[in-house]
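Following: one structure in structure tokens, then a few remarks.
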Amino acid sequence: MKLKVLLTAWLGALGRFLPTLILGLFGGGVAYWAQLPLPWLLGAMITTTAASLAGVPLKSPRTGRKGVLVVIGVMLGSAFTPDMTGEAVLWGTSLAIMLIATAVMMAFSVWFSCRVAGHSWETALYSGVPGGVSTVTVMALSSGADLRIIGITHAVRILVLLIAIPPVLQFIGHIDIGGARPTLSQWLWMPAPADIAWLVLAGLGGLWLGKRLHLPSPLLFGPALASAALHLTGLTHAAVPPLIIALAQVVIGISVGGRFAGTRLAEVGHALLMAIVQALVLLLLAIAAAWVGHLLTGYSAAAALLAYMPGGAPELSLVALSLGIDPAFVTTHHLLRITLLVLLLPLLLKRVVSST
């Protein structure tokens with residue numbers, strides 16, 4: 001009886017989400033047909049964002065996003081290989097640059113949000129955190145911060161960064177982000193049953209590991225660590241099927257666009273404008289930091305940019321995976337940044353409150 005109730009509830013949720021999923025697939029399909037870069041991600045994101053701002057009631061893929069985060073984590077772990085241990089030694093300099101850039105970005109964001117946009121210090125602090133939007137929102141619930149402003153700021157930042165990625169990467173990365181289109185056989189290809197079993201084990205074991213270690217974004221980073229361990233030890237060398245990557249892009253794109261549900265331009269026009277300006281300045285800071293990282297470490301400016309961009313660890317890691325831009329490098333940077341921010345944010349908030 002209980003199973004029947006759960007199945008009925010799941011089917012009901014799926015039915016309510018289906019129109020949103022179809023809209024996202026349509027947007028991704030049009031973008032793919034038009035040969036746009038990152039078509040399934042950007043196409044789904046743009047169509048659902050436009051629909052949300054137009055007042056169309058869309059269903060957010062909450063359960064679907066959780067499952068996709070686990071899948072993305074497992075896929076990101078596949079980027080860690082035994083022959084990359086020598087390269088990891090060079091990551092120290094890049095990680096240091098990322099932390100310095102993060103401090104500069106957050107300082108600017110908090111100042112801008114408070115002094116220019118006119119928000120409270122608490123709202124400015126939570127809005128200025130470069131990443132970890134889910135964790136930050138949960139932490140802000142017990143504060144006096146304006147949750148609507150926090151949500152808008154983070155959503156706009158991710159939207160601006162994702163839209164800017166194709167032209168910026170082509171400008172500084174000297175890479176072709178269009179890439180060759182998969183054939184039908186490549187679209188339908190799946191790993192061997194033994195590899196699928198290992199990847200499922202990584203996903204389930206990673207879920208437990210992420211919660212056990214209290215990792216930020218445990219659904220993403222837990223499976224990523226478990227999958228990385230399997231790939232580094234050579235237990236599996238499973239590649240990522242293009243179909244899975246495309247579906248993950250669609251769901252992530254929908255989740256970004258769905259964050260604007262209930263947002264009307266006439267009501268939050270000033271907040272949206274401030275968030276856009278802030279995001280553009282942060283993008284310029286990330287580009288400058290990526291260029292410095294490239295000069296000092298020799299890593300591609302494209303990989304450094306995706307690693308230093310302020311926020312959206314699932315989105316930016318998925319972009320790195322989809323484009324083949326050193327996803328292990330990008331994921332490691334975001335994990336370190338979010339972990340430190342989650343640990344330091346309560347101390348920063350306490351100091352801000354005591355000084356005001």
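The values are calculated or read from the model by the stated rules, or taken from the named source; none is laboratory data. The model shown is predicted, which means the values in this text are computed figures rather than measured ones. No Cβ is skipped: glycine too gets one built from the backbone with ideal geometry, and neighbour counts run over all protein chains shown. When the accessible area is computed, the model is the full protein with side chains, heavy atoms only, and any ligands, DNA or RNA have been set aside. Shrake-Rupley method; radii C 1.70, N 1.55, O 1.52, S 1.80 Å.
Summary table below
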quantity	calculated
Model label zone, H270; criterion: amide N under 14 Å from point 7 Å along Cα-to-beta-carbon; scope region 102-145	113-120
Potential extension, I196-R62 segment - 0.36 nm per residue separation minus Cα distance	45.8 nm
Between region 64-143 and region 197-236, the alpha-carbon center distance in angstrom	20
Mean accessible surface per residue for the chain, computed with a 1.4 Å probe while every protein chain stays in place, in Å²	47
Per residue Cα convex hull volume in Å³ - calculated over region 127-228	161
Per DSSP, loop chymotrypsin sites (Phe, Trp or Tyr not before Pro) in region 118-199 with at most 16 further Cβ within 10 Å	W189
Alpha-carbon Debye profile of the chain, log10 I(q)/I(0) at 0.07, 0.08, 0.11 Å⁻¹	-0.29, -0.38, -0.74
Inter-site label distance for I163 and F108 at 7 Å from Cα along Cβ, in nm	1.9
The chain - percent of accessible surface contributed by carbon and sulfur, probe 1.4 Å	72
Debye, to nearest 20: dipole size of region 200-356, +1 on Lys, Arg Cβ, -1 on Asp, Glu Cβ	420
Rounded, prolate or oblate (a/c below 1.5 giving rounded, otherwise prolate when a/b exceeds b/c) for region 200-356 by Cα gyration tensor	rounded
Charge dipole magnitude, Cβ of K and R +1, D and E -1 - the chain, Cα centre, debye nearest 20	1080
Most fluctuating residue given options I245, I22, I97, as computed from a GNM of the chain linking Cα atoms under 10 Å	I22
